Amino acid sequence: MLVSIGSYSLCNGTLAGGVAVSELRLKADRLFEFIIPIGDVDSTLLDRINTTFDATFTVKRTHSSVHNAEKFILQLDSNIPISGTITFETTGPGAFTRVIPRGFVIDHALLQENGATTFHQYHVIGGAPVIP
């Protein structure tokens, strides 16, 4: 799966840019309210049509050298956008895309550096996924 926020690729399908997303966890929260009509004893649910999206995933990158891996690690927080439209796109034949509007990078963490290979975890949130 390929993931980007705005024009910045969190995972672009290459070794240096992240071949694939792993350990993907998705969560969607829908907002409902209990409504009790006047003079009625039964409550009903009202869908506020307000869904929030929450995703956490890991990206493995293999850089051209240990120096470039360390440079990437130190520059990531300055380079990664805080907010923007987040795009998730499947790989393989017949790509399938969903866009997360009003997306934010809540946090990111270096899980492991093994020579020129880095493992970063990203946590993003936003609105309900839509078809672009």
Discussion item. I'd like the orientation of helix 66-79 relative to the chain: the angle between its Cα long axis and the longest Cα principal axis, in ° from 0 to 90, rounded to 10.
Written reply: 30
Worksheet item: When the chain is fully extended, how far beyond the present Cα-Cα distance does Ala20 get from Leu111, taking 0.36 nm per residue of separation?
Response: 31.2 nm
Worksheet, complete the sentence: Where a ≥ b ≥ c are root eigenvalues of the Cα gyration tensor, a/c under 1.5 meaning rounded, otherwise prolate if a/b exceeds b/c and oblate otherwise, the range 41-114 counts as prolate
Worksheet entry | His123-Leu46 pseudo-label distance in nm [points 7 Å out on the Cα-to-Cβ vector] | 3.2
Response to the item:
Note on the chain: C-alpha Rg/Rh, Kirkwood Rh, two decimals, gives 1.15
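Quick note: the coordinates plus some simple rules give every number you see, no bench work behind them. Keep in mind it's a predicted model, so treat the numbers as computed, not measured. Virtual Cβ from ideal backbone geometry, glycine too; neighbours counted across all protein chains shown.
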